1. Let me know the Rg and Dmax you get for segment 253-325 when you use only its Cα atoms, in Å.
2. Once label points are set 7 Å from the Cα along Cα→Cβ at both Asn163 and Lys191, what is their separation, rounded to one decimal in nm?
3. To the nearest 0.05, how large is the calculated FRET efficiency for Glu254 and Ile74 if R₀ is 41 Å and r is the Cβ-Cβ distance?
4. What helices in the chain pass both tests, a Cα length along the helix axis of 20 Å or more and a mean Kyte hydropathy of 0.0 or higher, using whole DSSP H runs?
5. Can you pull the Kirkwood radius for segment 138-282, inverse mean 1/r over Cα pairs, to one decimal in Å?
6. If R0 is 45 Å, what FRET efficiency do you get for Lys291 and Lys148 from their C-beta distance, rounded to 0.05?
7. For segment 201-294, which GluC sites (Glu not before Pro) are in a loop by DSSP, counting at most 12 other Cβ atoms within 10 Å?
8. Taking only the Cα atoms of segment 214-336, how large is their convex hull per residue, in Å³?
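A short reminder: the numbers here are calculations on the coordinates, not readings from a lab. These numbers were taken from a predicted model, which means no experiment stands behind them. So basically every Cβ, Gly included, is an ideal-geometry build from the backbone, and we count neighbours across all protein chains shown.
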Amino acid sequence: MKKFITCLLALFLMAGLAACASSAAITSEPEKKGGRYPERQIELVVPFAAGGGVDLAARAVAEYLSKEWGKPVIVVNKTGGGGIVGARYALSEAKPDGYTALMNNNSSTTMYEAGTNRPVLRLKDHMLAARVAESPLVYAVRADAPWKDLRELTEWVKENPENLSWASVGPAGFSSFGVEEWLSTAGIDYKKTRMVSSEGASDSAAKVAGGHVLLAVHNAGEVYSLVQAGKLKVLAVQDGKRSPLYPDVPTTEELGFHGLTVKWWTGISLPAGTPEAIVKKWEAAVAKMEKDKGFIRQLEKIYLQPSYLPSAEFKRSAERELDWYAELAEETGIRK
């Protein structure tokens, strides 16, 4: 009888252990697929200086997601290399577990790859989760500059290309491609002009306002505060319609510059290899976020327009953009 009871207890113990193991496997599976994500703090990396459009958008995203997910989303600025130092940190050095994400934009994705002979990051290294916001490009100079619009500046540059200085985070940055597309359309050799390195839009705008650089090419909101302060003026808005920020400023189309396509955007990248379920959580969260009135008000405060694209569409859009920028880089000699 004792042997029988002992065997019976052993069987119950084995069954219990098997049930625990099965339960652990079941509960670990959602974790493996991202079902319990996030369980701790998330680092949202901005590869540019504080105060620019990417940084301000990231802070609005972090505020919303911290409340939505109940876990802190912390913005970390890691500058350098035209945005590539921060991008590499987020996409190459961090684990693909969803706890380090990149607030990217053209400069750290399509423009960087198109303008670099041996890029250390390629579009394939970005798991593009969702596009968040966009803004038209604007051309800004000091408020006391002699040109009333971009057409007048262009005529001056044709005669004095070596005197045109413009600020950019790097030779393959957003400003660079904006300047190069404009100059190419006008028949001006951009290599005769001079790029001045900056840490980001806020730094570029300050350099122009201070008289150290002649031209800043950034998104519409990034120069707005200095325009309002009487330090800068906008010569043109690169869009099919006038900007509500600058209703008296003509568009590039109005001024006769046709086919200019460079437009600023920002979105979320995760490291390649991030579980699909985590990518989908970011995608769904951004989709929900862009219907939230509070978040929309936050974007309005930083002069950006919501422009949500889900992961697959975001990827296709970026691939098309990369093809065009690669062609432009080849034509103008921007690729280094």
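1. Expressed in Å, the Cα Rg and Dmax of segment 253-325 come to 15.3, 48.
2. 2.4
3. After rounding, the FRET efficiency stands at 0.45.
4. On the way: long enough: 2-33 (47 Å, 0.77); 53-69 (23 Å, 0.05); 311-332 (31 Å, -1.10).
Passing helices, by number: 2-33, 53-69.
5. Evaluated on segment 138-282, it is 16.0 Å.
6. Computed FRET efficiency for Lys291 and Lys148 comes out at 0.65.
7. none
8. Normalising the Cα hull of segment 214-336 by residue number yields 158 Å³.
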